[in-house]
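Data block below; observations after.
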């Protein structure tokens with residue numbers, strides 16, 4: 001009987017840890033250095049793609065335009081205060097993630113400059 005209780009307790013503990021880990025990994029992780037640092041990094045990736053020939057002029061122009069739209073959106077959101085709310089930050093990061101995926105896709109497609 002004692003072994004059954006111990007095995008059950010261990011199983012419950014492991015199940016609880018798994019649930020906690022899954023919940024943490026599904027939450028949005030903020031960019032460690034802030035929104036501005038991420039925007040700068042994305043711009044560097046676009047510039048690197050231009051310099052390496054991985055992005056065509058048209059692709060780079062579209063990506064730059066999308067990056068500028070995100071910068072403007074951030075500026076508008078910050079007019080209400082100096083800090084972004086948690087919801088605003090989440091929406092901005094979601095858009096940054098989409099742009100990041102688009103940059104990756106464009107840099108690795110078959111089109112070359």
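The values are calculated or read from the model by the stated rules, or taken from the named source; none is laboratory data. Bear in mind the structure is a predicted one, so any value in this text is a computation, not a measurement. Cβ atoms come from the backbone with ideal geometry, glycine included; neighbour counts cover every protein chain shown.
Checking 98, 112, 29 one by one, the residue that is at pLDDT 70 or above, part of a loop (DSSP other than H, G, I, E, B) and surrounded by fewer than 15 Cβ atoms within 10 Å (Cβ to Cβ) is 112 and no other.
From the list 58, 73, pick out the single residue that is more than 19 Å from the chain's Cα centre (by Cα), surrounded by fewer than 16 Cβ atoms within 10 Å (Cβ to Cβ) and at pLDDT 80 or above. Let's see the steps before the verdict.
Numbers: 73 fails: more than 19 Å from the chain's Cα centre (by Cα).
Checking each option against the conditions leaves just 58.
Among the residues making up segment 76-95, those that are over 17 Å from the mean Cα position of the chain (by Cα) and surrounded by fewer than 11 Cβ atoms within 10 Å (Cβ to Cβ) are 76, 79, 80, 81, 82, 83.
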